[in-house]
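Structure, as structure tokens:
The values are calculated or read from the model by the stated rules, or taken from the named source; none is laboratory data. Everything numeric here is computed off the predicted structure, so don't read it as measured data. We place every Cβ from the backbone using ideal geometry, glycine too, and count neighbours over all the protein chains shown. Remember, those area values only see protein heavy atoms, side chains included, never the ligands or the DNA or RNA. Shrake-Rupley method; radii C 1.70, N 1.55, O 1.52, S 1.80 Å.
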Amino acid sequence: MTNGKPSRSTRAIYPGSFDPPTCGHLDVVERAAKCFGELVVAIVVNPQKRSPMFSLDERVAMLKECIASIPNARVEHFRGLLADYVKASQADVIVKGLRVVSDFESEMSAALMNRSLSEVDTFFLMSDQKYSFVSSSLVKEVFFLGGDVGSLVPEPVLRLMARKRAGLHETHS
Ligand code: PNS
């Protein structure tokens, strides 16, 4: 500690499935990177909710390309409990985005659970209102049914999704 301030920059972890990353995720990364010294975008390897559509390698590659211009942000991945990963990473805070009121209900208990397990607090950023309806699952559904998601996902993500859709059509036609 120097003058009551931490001697290294504040390390924040932004965890998620990122299956795939959306413009809403990227907006949170850009804004959080301005608030904290280091921002680690941490991909959960085995999300419990569902099996991911994009492999870990694909999600890492997409995110790395999306955040390449943000010097204090990097991509990592973790298995198991977020609280354990946060402690092992010596992170100072967890960052999450909040889109709508229903996010708050689940995120509040997650934040309290993570703090009770790791003593690390969660900081919330309100999503930009233009992304308040954007989720990875909706983006996938709309895209694979032929809808235009070009304004909802970053360009590297759109490119890989298009390649995947072409592959799916080849397999099923
Ligand atoms: O993008 P998502 O799917 O909403 O992210 C959810 C994530 C990865 C933050 C959450 O599932 C998580 O923390 N998973 C790790 C397992 C864990 O620690 N579960 C208890 C959370 S209180």
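Being within 15 Å of the ligand (Cβ to nearest atom) and in a helix (DSSP H, G or I) is the filter; apply it to the range 130-152 and report the residue that is least open to solvent (accessible area, probe 1.4 Å).
Only one residue fits best here, namely Val139.
Quick one: in the range 82-114, of everything that is assigned to a helix (DSSP H, G or I) and more than 11 Å from the ligand (Cβ to nearest atom), which residue is most open to solvent (accessible area, probe 1.4 Å)?
Our first condition is that a residue be assigned to a helix (DSSP H, G or I); within the range 82-114, this holds for 82-88, 101-114.
Narrowing further to those that are more than 11 Å from the ligand (Cβ to nearest atom): 87-88, 101-102, 104-105.
Numbers: Lys87: 106, Ala88: 86, Val101: 114, Ser102: 78, Phe104: 103, Glu105: 130 Å².
Within the range 82-114, the match that is most open to solvent (accessible area, probe 1.4 Å) is Glu105.
Step by step: first the residues of the range 48-81, then only those that are farther than 18 Å from Lys164 by Cβ, open to solvent by less than 80 Å² (accessible area, probe 1.4 Å) and of a type outside the set (A, V, I, L, M, F, W, C), then the one that is nearest to the ligand (Cβ to nearest atom). Which residue is that?
Checking each candidate, the answer is Gly80.
May I ask you to list the residues in the range 8-23 that are open to solvent by 10 Å² or more (accessible area, probe 1.4 Å) and either under 12 Å from Tyr131 (Cα atoms) or β-branched (Val, Ile, Thr) (or both)?
Thr10, Cys23
What pairs come up if the first residue lies in the range 72-95 and is within 17 Å of Asn46 (Cβ to Cβ), the second is exposed (fewer than 14 other Cβ atoms within 10 Å of the Cβ) and basic (Lys, Arg), and their beta carbons are under 9 Å apart, counting only those six or more places apart or on different chains?
Within 9 Å, the pairs are Tyr85/Arg79.
Filter the range 116-129 down to the residues that are of a type outside the set (Ser, Thr, Tyr) and open to solvent by 60 Å² or more (accessible area, probe 1.4 Å) and list them by number.
Taking the range 116-129 first, the residues of a type outside the set (Ser, Thr, Tyr) are 117, 119-121, 123-126, 128-129.
Those that are of a type outside the set (Ser, Thr, Tyr) and open to solvent by 60 Å² or more (accessible area, probe 1.4 Å): Leu117, Glu119, Asp121, Phe123, Phe124, Met126, Gln129.
Search the range 28-47 for residues being open to solvent by 80 Å² or more (accessible area, probe 1.4 Å) and closer than 21 Å to Thr10 by Cβ, and hand back the single one that is farthest from the ligand (Cβ to nearest atom). Even if it seems obvious, please write down each step before you answer.
Just the residues of the range 28-47 that are open to solvent by 80 Å² or more (accessible area, probe 1.4 Å), to begin with: 30, 34-35, 46.
Applying the additional criterion that residues be closer than 21 Å to Thr10 by Cβ yields 30, 34-35.
Values: Glu30: 17, Lys34: 21, Cys35: 19 Å.
Per the criteria, the residue is Lys34.
Restricting to the range 115-129, count the residues that are away from the ligand (no atom under 13 Å from the Cβ) and in a helix (DSSP H, G or I).
1
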